[in-house]
Amino acid sequence: MTDDAAVQLCCLLWAREGEAAGLEEYENRVLALIPEHGGQVLQRVRNTVDDGQPREVQLYRFPSKSSLDSYLADPRRLALADERDRVVGRTELFPVTTLA
């Protein structure tokens, strides 16, 4: 992947038991930082039942790897690491491409 290539990602998030609301609050805070790094939240959906599947699924896009790296290194995001560890039980993040 070259730095000037756009990066589109899918993120699957599982909340720790009893922390569904905390996960939502945390994600509201960190996702609000994405536009400042040139990125865009394309879609954010939430599971409507507690069935062991991801609580939240997100799609986002960054114009380059360096803009993604900038977001990941944002000091405000990093300062929330303890909160993230408290509310997020599991995360899966992987690159995707849009088909239609």
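The values are calculated or read from the model by the stated rules, or taken from the named source; none is laboratory data. The structure presented is a predicted model; accordingly, all values stated were derived computationally and were not measured. Neighbour counts are summed over all protein chains in view; Cβ atoms, including those assigned to glycine, are modelled from backbone coordinates with ideal geometry. In case anyone asks, the SASA skips ligands and DNA or RNA and just uses the protein heavy atoms, side chains included. Shrake-Rupley method; radii C 1.70, N 1.55, O 1.52, S 1.80 Å.
Structure above, values below:
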{"quantity": "Selection count where residues are open to solvent by 90 Å² or more (accessible area, probe 1.4 Å) and at pLDDT 95 or above, scope region 91-100", "calculated": "2"}
{"quantity": "Scan of region 54-67 for residues that are over 12 Å from Leu9 (Cβ atoms) and of a type in the set (D, E, K, R), ordered by number", "calculated": "Arg55, Glu56"}
{"quantity": "Residue in region 55-67 that is among the aromatic types (Phe, Trp, Tyr), open to solvent by less than 50 Å² (accessible area, probe 1.4 Å) and not in a helix (DSSP H, G or I) present", "calculated": "yes"}
{"quantity": "Candidates Thr98, Thr91, filtered to the one that is in contact with a Leu (Cβ under 9 Å, 6 or more places away or on another chain) and in a loop (DSSP other than H, G, I, E, B)", "calculated": "Thr98"}
{"quantity": "Qualifying positions in region 16-33 - touching a strand residue (DSSP E or B) at 6+ places or on another chain (Cβ under 6 Å) and not charged (D, E, K, R)", "calculated": "Leu23, Leu31"}
{"quantity": "Whichever residue in region 7-27 is part of a strand (DSSP E or B) and open to solvent by 20 Å² or more (accessible area, probe 1.4 Å) and, among such residues, is farthest from Phe94 (Cα to Cα)", "calculated": "Ala15"}
{"quantity": "Residue that is within 15 Å of the chain's Cα centre (by Cα) and more than 24 Å from Ala5 (Cα to Cα), where the choices are Glu27, Glu36, Glu92, Glu19", "calculated": "Glu27"}
{"quantity": "Subset of region 28-54 [under 18 Å from Ala73 (Cβ atoms) and in a helix (DSSP H, G or I)]", "calculated": "Arg29, Val30, Leu31, Ile34, Pro35, Glu36, His37"}
{"quantity": "Scope region 68-90; condition closer than 16 Å to Leu12 by Cα and either in contact with a helix residue (DSSP H, G or I) (Cβ under 9 Å, 6 or more places away or on another chain) or surrounded by 14 or more Cβ atoms within 10 Å (Cβ to Cβ) (or both); matching residues", "calculated": "Arg84, Val87, Val88, Gly89"}
{"quantity": "Scan of region 56-100 for residues that are touching a Phe, Trp or Tyr at 6+ places or on another chain (Cβ under 6 Å) and over 18 Å from Ala21 (Cβ atoms), ordered by number", "calculated": "Leu68"}
